[in-house]
Amino acid sequence: MKFHLAINLERITDQASMVEVRDHTLEMVKMADKAGFEIVWAAEHHALEMTIAPNPFQLMTWWAEHTQNIRLGAGVVNAAYWHPINLAGEAAMLDLLSNGRLEFGIGSGAYQREFDRMKPGLDQRDSYKYMQEMLPVVQALWHGDVEHNGEYWQFPKATSCPKPLQENVPVWVAARAPITYDYAVENNCNIMSWALTLPFSELEEYKKRLDDAKARLNPSFSGKFTTMRHTAVYANEADRQAALGAVRNVLSLFGNLMMKKGDVVDGFPDPVPFEELEGNVRVEPNMLEENLMFGTPDQVIAKLKKYEALGIDGFLYYASMGLDIENQKRSMQLFIDEVMPEFC
C-alpha cells in the first residue's frame, strides 16, 4: 500500500497568516517528498478560506519546483467549471514543468454553494454528466487535433498546447456513487474514494461497488483503488485532544456547506452547532477517533492493516483539518517515523 498526502491552503479564521499557511503547506509537501510518499494532491475550490485552491495546477507547479520525486495530483478538478481546451492545456503544462509527474484527477464537485456561483443553474447531482463528457475530450486533445460537438461544449478543430510529457497521463476519478464506479471501471480510471467520517463498513461498500463494476463491465480493470481520511497521529493526551477539537470544529464548518445551513462571510463559513450536525458530519469524539485515521502510531498501524487487507492500493493522509501548524508537523513526523516503516 502506497501513501499519498492531501493538503490544502487552509485558514479557519481571519487571524491566520496567509504567508504562514502558504509556507507550512510547502513544508508538509517537502516532508512527504523526502519520506517517499507517492503523490501529493491539490483540490479545486472557490471562494472558501478553508480550502484555498482556485487552480490546483498553480499549486502543483509551485510544489514541483521544490520537490524531486513525489507525483503531483489534481484531486480533483471540477469539470463543469472548465473548458476542455483550457483544462487540457493547464494540465499538460504542469506535466511539462514537472518533468512528467502529473496525476490527473477529475470529479463532479461537492458543494452546491460553489455551483451557484461558478455554474449557476447546475444542480451538483447532475455535474457528473460534465465530467463524463470532459474526460475523453481532454485525453483526445492531449494526442492531437480534435473537433467536438457535445452537449456541454462545442468547438472546431483544436489541440492541447503544450502536450504532456507522459504518453499516457494517469487519470483518477473521485467516486462514491455506483454510477461513478461504473464509469471509472469501464474507462479504466484509477479511483479516489472518501468515506468522510463514516465507519470502515463504508469502505467495504465502496470495494463491493468496485468489484461489482469490474465483474459486469471490465474484468481486466487495472486501475488503482485509493481512499482518503483525516489523519492525526499523536503520542500524548494533549495532542489527542487538540486533534479531536480541530476536526470537530472543521466538521461544523463543513456541515454549513454540506447541509446548506448558515452563511459564508468573506470566505469563512459560519459554524453549525454540533447538535445540529448529522450524517457524514456527526462529531461524537469516540466515533471520530474510531472511524478516522486517528490514534497512536500502533493504533494507526492497526487501522491501516485493515485497509491493506481490504485491497486499498493507496492511503491519502488528509492533513487539513484546522489543526495548528506545529501539531500537524508532529503528526506527520510520527507517521513518517513510526507508521510508514510497517508498510515498506
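Throughout, read-outs are computed from the coordinates displayed, never taken from laboratory work. As the structure is a computational prediction, the values presented were derived from the model and not from experiment. Cβ atoms come from the backbone with ideal geometry, glycine included; neighbour counts cover every protein chain shown.
Of the cross-linked pairs K129/K208; K208/K303; K163/K207; K30/K207; K207/K260; K214/K306, which ones have a Cα-Cα span greater than 25 Å in the structure shown? Pairs exceeding the cut-off: K163/K207; K30/K207; K207/K260. Ranked for footprinting exposure by Cβ neighbours inside 10 Å, fewest first, E276, E90 give E276, E90.
With the simple spin-label model, which puts each label point 7 Å out from Cα in the Cβ direction, the C344 to E326 separation comes to 2.9 nm.
From least to most packed, judged by other beta carbons within 10 angstrom and beginning with the fewest, T226, T67 follow the order T67, T226. With a simple spin-label model that places each label point 7 Å from the Cα along the Cα-to-Cβ direction, the separation between K260 and Q58 comes to 2.9 nm.
Given R₀ = 51 Å, FRET efficiency for T13-K208 by Cβ-Cβ distance, to 0.05?
Working: r = 41 Å, r/R0 = 0.80.
The calculated FRET efficiency here is 0.80.
By counting other Cβ atoms within 10 Å of each Cβ, how are M134, M28 ranked from fewest to most?
Working: M134 23, M28 20.
In order of increasing Cβ crowding within 10 Å: M28, M134.
Less than 5 angstrom separates the built amide H of H148 from those of F155, all sequence-distant by 5 or more or on a different chain.
Taking 0.36 nm per residue of sequence separation and subtracting the Cα-Cα distance, how much length would be gained by fully extending the chain between E65 and K305, in nm to one decimal?
Values: separation 240, 0.36 × 240 = 86.40 nm, distance 3.38 nm.
The E65-K305 span can extend by a further 83.0 nm.
Proximity of backbone amide H atoms, modeled 1.01 Å from N, is registered between M293 and H230, A232 at under 5 Å, excluding neighbours fewer than 5 places apart on the same chain. Potential lengthening of the chain between E151 and N286 amounts to 43.9 nm, from the contour at 0.36 nm per residue minus the alpha-carbon distance. Note on R22 and E167: the extension gain reaches 49.0 nm, defined as 0.36 nm multiplied by sequence separation minus the Cα-Cα distance.
Just for the range 220-344, what percent of DSSP beta bridges are antiparallel, to the closest 5? Don't jump to the answer; show the numbers that get you there.
Working: 2 of 10 bridges.
About 20 percent, rounded to the nearest 5.
Our helix-only sum for the chain, with -39,500 (n - 2.57) per DSSP H run of n ≥ 4 divided by its residues, gives a mean residue ellipticity at 222 nm of -13500 deg cm²/dmol.
Calculation over all alpha carbon pairs of the range 28-101 in 5 angstrom steps from 0 returns a P(r) of 3, 17, 27, 24, 18, 9, 3, 0 percent. Annotation: the antiparallel percentage among DSSP beta bridges lying fully within the range 30-156 is about 25. With both labels modelled 7 Å from their Cα along Cα-to-Cβ, the S201 to N188 distance reads 3.7 nm. The charge dipole of the range 246-293, taken about its Cα centre with unit charges on the Cβ atoms of Lys, Arg (+1), Asp and Glu (-1) only, comes to about 120 debye. Each Lys and Arg contributes +1 and each Asp and Glu -1, all at the Cβ; summed about the Cα centre of the chain, the dipole is approximately 620 debye.
The mean of 1/r over all distinct Cα pairs in the chain, once inverted, gives the Kirkwood hydrodynamic radius of 20.6 Å.
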